[in-house]
Amino acid sequence: MSSAGDGFDVEGVRSRFTVLREGDFAFLDAPGGSLVPDEVADAIAEATRIASANMGGFYPTSQRVTKIQSDARVAGAAFMGGEPENIVLGPNMTTINFALTRAAARDFAEGDEIIVTALDHDGNVAPWRELARDRGLVLKTAGLTDDLRLDLDSVRELVTDRTRVIAFPWASNAVGTVTPAKELCDLAHSVGALAWVDAVHYAAHRAISAREIGADVLLCSPYKFAGPHLGMAHVDPAVASAWRAYKVGPREDYPLGSRFETGTQPYELLAGLLVTFRYLESIGGLSAIHAHEEALAARMLARLPEEVTVYGPALEHRVPTFLIDVPGTPAIDVARRLAERGVGVWHHDSWYAMSLRPWLTAPPETVRVGIGHYNSEADVDRLADELAAMV
Ligand SMILES: Cc1ncc(COP(=O)(O)O)c(C=O)c1O
C-alpha cells in the first residue's frame, strides 16, 4: 500500500505497466498522455487479431466489432454520466469538437456570440474561432483572477442576449485550475446558451457527469486516463437532435451520437477503451485516484525547494498539474536536466492555452509537472530532490 496513507495500492497499480516495471524513471507528464497498462494494450492486440470486419455481418469477426462498439457506448456513458445513445466516439477530442461545433452552429447568425475562457486549451477555442471567422460570429474570452482561477464576474459581464455558447474547460491542462462547471452550465442555460465543457484534463483526475452539471456537450480523451488514443463526447439529445450532422448519406441517424461520427471506427482501440474502464474500476475508480493524487500533490508542494515558483491556485482549486519555473534556468534546460536524472516533465510556451499568457507572471517558457494516478511518493520526492540539487 502507498505510505501516503491514502489506502491506494500504488505498487499494485504500477506492476500493471511494462514501462513502470522495467525502468527507474519518474514519469510526471501524464497531462500530455498517460501511460497505458498492459491489459489495455493486450486488449487492442487481441481485438486486432479477432475482430477486424465491418459491422452488421452474420459472422464472428463482424459480430465482435458490433459488440465492441455498442459496449463502448454503454461503458462510455457510464464514465461520462450520460446515456449510451448520446455518446460520440472519435479519434480525439479536437476532431470531435470541430464536427460538433459546426453542426451546432449551422443556424447561428452573424453577430451571435461565443464565450470561451483564458484557461481553455485551443481544442475548445479554435473550432469557435474559425467559425467566427467564417460566419461573422463574435468570440469573447473571459479572464482570470490573480491566482489563475476563472473570474466568474468576467464571464457574467460577457453574457448578452446574443450569447449562443459558453465554452470552458472543467480543468486547465496548463495550470491545473478547476472551474465551477455546474455554475457555468447554469449560467449558460439562464440565457438560452449552450454549455460546452472540455473535460479532457479533468476526467483523468476526477469523476465527470454530463447529467450532474447539465452539460450540453461534454468532451474527454481516453488517452489522458490510461486509455488508447481516442476522443469521446456526450451530447444532450434535447439540443443535439436538432443539429444536422456533417455525414455521409447512408449513415443512420440512430443512435444520436453516431450521426456525428464519420467513417469507420477504430474498433481495436474501442476494445482497449473497454478494458481501460475496467482497469479504472479495479483500482477504486476516480474517487480513489483523486485521494491518492491529492496526497502526492500535497507532498510535492511541501518538498519543493522554495526557490521554485509554482503558478496557479491553492490545492483545493486544482487537479495535480503544476506550472513551475526555476529562476535562472530556462525551462528547456530544466526539462532536459530532469530527464537526464530520471524525471520526465515537459517544457512549453503556450501549453495550447493561447489566451493564458497575459495572465502569467512567468518567463516565456515554463515546466509542467503532471501527476498521474500511477505516480508514487518516490516519483515526487525524486523531482523535489533533483530540483533542490538544481537550484
Ligand atoms: C484540456 C484539453 N483540451 C483538449 C485537448 C485536445 O485533446 P485531443 O488531443 O484529444 O484532441 C487537450 C490535449 O492535451 C487538453 O489537455
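Per-structure values
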quantity: Selected residue (only one of ALA51, ALA47 is outside the structural domain of LEU323 (by TED's automatic domain parsing), in contact (Cβ under 8 Å) with a residue 24 or more places away in the chain, surrounded by 22 or more Cβ atoms within 10 Å (Cβ to Cβ) and of a type in the set (A, V, I, L, M, F, W, C)); calculated: ALA47
quantity: Every residue from region 206-219 that is more than 15 Å from the ligand (Cβ to nearest atom) and out of contact with any Asp or Glu (no Cβ under 8 Å at 6 or more places or on another chain); calculated: ALA207, SER209, ARG211, GLU212, ILE213
quantity: Those residues of region 102-125 which are within 13 Å of the ligand (Cβ to nearest atom) and either within 20 Å of VAL239 (Cα to Cα) or without any contact (Cβ under 8 Å) to a residue 12 or more places away in the chain (or both), in sequence order; calculated: VAL116, ASN124
quantity: The listed residue being more than 16 Å from the ligand (Cβ to nearest atom), in contact (Cβ under 8 Å) with a residue 60 or more places away in the chain and under 30 Å from GLU85 (Cα atoms), out of LEU187, LEU131, LEU194; calculated: LEU194
quantity: Filter result (modelled with pLDDT of 95 or more, of a type in the set (A, V, I, L, M, F, W, C) and farther than 16 Å from ARG278 by Cβ) within region 1-29; calculated: PHE8, VAL10, VAL19, LEU20, PHE25, ALA26, PHE27, LEU28
quantity: Those residues of region 284-338 which are part of a helix (DSSP H, G or I), of a type in the set (Asp, Glu) and crowded, with 21+ Cβ neighbours inside 10 Å, in sequence order; calculated: GLU293
quantity: Pick from region 35-49, criterion out of contact with any Pro (no Cβ under 9 Å at 6 or more places or on another chain) and either within 16 Å of the ligand (Cβ to nearest atom) or not small (Gly, Ala, Ser) (or both), ranking: farthest from ASN375 (Cα to Cα); calculated: ARG49
quantity: Within region 83-95, considering residues that are among the β-branched types (Val, Ile, Thr) and within 8 Å of the ligand (Cβ to nearest atom), the one surrounded by the most Cβ atoms within 10 Å (Cβ to Cβ); calculated: THR94
quantity: Condition check for PRO266: more than 19 Å from the chain's Cα centre (by Cα) and within 16 Å of the ligand (Cβ to nearest atom); calculated: yes
quantity: Boolean, LEU219 is of a type outside the set (S, T, N, Q) and within 20 Å of the chain's Cα centre (by Cα); calculated: yes
quantity: When residues of region 220-256 are limited to those that are among the aliphatic types (A, V, I, L, M) and closer than 30 Å to GLY370 by Cα, the one farthest from the ligand (Cβ to nearest atom); calculated: VAL235
quantity: Some residue of region 279-297 being modelled with pLDDT of 95 or more and closer than 24 Å to ALA99 by Cβ; calculated: no
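The values are calculated or read from the model by the stated rules, or taken from the named source; none is laboratory data. All values reported here derive from a predicted model rather than from experimental measurement. Ideal geometry is used to build each Cβ from the backbone, glycine not excepted, and the neighbour counts take in all protein chains shown.
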